[in-house]
1. Go through the range 223-235 and give me each residue that's out of contact with any Phe, Trp or Tyr (no Cβ under 8 Å at 6 or more places or on another chain) and either in a loop (DSSP other than H, G, I, E, B) or surrounded by fewer than 18 Cβ atoms within 10 Å (Cβ to Cβ) (or both).
2. Quick one: which of 201, 240 is among the hydrophobic types (A, V, I, L, M, F, W, C) and within 23 Å of residue 141 (Cα to Cα)?
3. Is there any pair linking a residue in the range 206-230 that is among the small types (Gly, Ala, Ser) to one that is part of a loop (DSSP other than H, G, I, E, B) and surrounded by fewer than 23 Cβ atoms within 10 Å (Cβ to Cβ), with Cβ under 6 Å and at least six apart or on different chains, and which?
4. Pairs needed: first member in the range 246-260, buried (at least 23 other Cβ atoms within 10 Å of the Cβ); second member anywhere, part of a helix (DSSP H, G or I) and of a type in the set (Ser, Thr, Tyr); C-beta distance under 6 Å; at least 6 residues apart or different chains.
5. Look through 160, 124 and report the one residue that is out of contact with any Cys (no Cβ under 7 Å at 6 or more places or on another chain), at pLDDT 95 or above and on the phi > 0 side of the Ramachandran plot.
6. Could you list all residues from the range 196-215 that are in contact with a strand residue (DSSP E or B) (Cβ under 6 Å, 6 or more places away or on another chain) and buried (at least 22 other Cβ atoms within 10 Å of the Cβ)?
7. Is it fair to say residue 177 is surrounded by fewer than 18 Cβ atoms within 10 Å (Cβ to Cβ), among the β-branched types (Val, Ile, Thr) and either touching a helix residue (DSSP H, G or I) at 6+ places or on another chain (Cβ under 7 Å) or outside any strand (DSSP E or B) (or both)?
8. Within the set of pairs 6 or more residues apart or between chains, which connect a residue that is assigned to a loop (DSSP other than H, G, I, E, B) inside the range 192-205 to a residue that is at pLDDT 95 or above with Cβ atoms less than 6 Å apart?
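The values are calculated or read from the model by the stated rules, or taken from the named source; none is laboratory data. In this text, all values refer to a predicted model and were calculated from it rather than measured experimentally. Neighbour counts run over all protein chains shown; Cβ positions are idealised from the backbone, glycine included.
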Amino acid sequence: MILDCAGRPLALSRPCVMGILNVTPDSFSDGGRFDDPGRALEHALAMVEEGADIIDVGGESTRPGAPVVAAAEELRRVVPVIEALARRVPVPLSVDTSEPAVMRAACGAGACFINDVRALRRPGALEAARDCAVPVCLMHMQGEPQTMQDAPTYDDVTIGVRDWLRERVAACEAAGIPRSRLLLDPGFGFGKTQDHNLTLLRDLGVLAGEGLPVLVGLSRKSVLGALSGRPVGERLAASLAAALAAVQKGACVVRVHDVGATVDALRVWQAVMSPVHRSG
């Protein structure tokens, strides 16, 4: 399957790597490292060189407890970086936003993919995504970043997430966004306990069975810190293991901080999983 990102193809016939570019002062892992446009451009170019298939640019931290960022500030952070990247990189550019005005401005600046942790639930977001005519990733989140980890509860987390995303897909189709432009993300760490996250990863095939590409973001997250006992800057091995587990369960796109290492790990995984042709 090839996803048409406004003329920049994203081939989903193999697992794709989405490189994270947070142009924020307060993201949980790399806040403040790339909030300067020059450093952001340099880092994005390095990720493309390492094999990133798509770059995801975000101007609002959605870590637990993160404050809401005004649309004007998000625009100030995101649009100049996307404009600069669009002239320099051949891969698709994603904007990580829930704000309709940012979606429109970012796509006008060269973004060709929308990654929304709120699944187009803000007023005007469905219409903005429809008008931008680019692929959209719909992510599940219980609550809002300020409160989502207070006491997340589900009768059955796998079925609950699947059914919620089904409703968002239906809302998109009703708004005029074709199913062929949609991807699903279970939202690891967004209103989920440790057990919820692990259950969703084990059951990822249920979401993959919906017939839409699945994107996952587990890189450096607290679920991996709890399992490994390591701080956020020392979770590379755990992040690679999680990425491989996700693609094994059917994920098409993995959103990561450590692009080069993830690309290498996936190449080995693909070589092992591909049919072996022996001569003679």
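1. 225, 226, 227, 228, 229, 230, 231, 233, 234, 235
2. 201
3. Hits for this filter: 208/250; 219/257.
4. Within 6 Å, the pairs are 256/262.
5. Step by step, each of 160, 124 is checked, and only 124 is out of contact with any Cys (no Cβ under 7 Å at 6 or more places or on another chain), at pLDDT 95 or above and on the phi > 0 side of the Ramachandran plot.
6. Residues satisfying the conditions are 207, 214, 215.
7. Here the answer is no, as residue 177 does not meet what is asked.
8. 203/158
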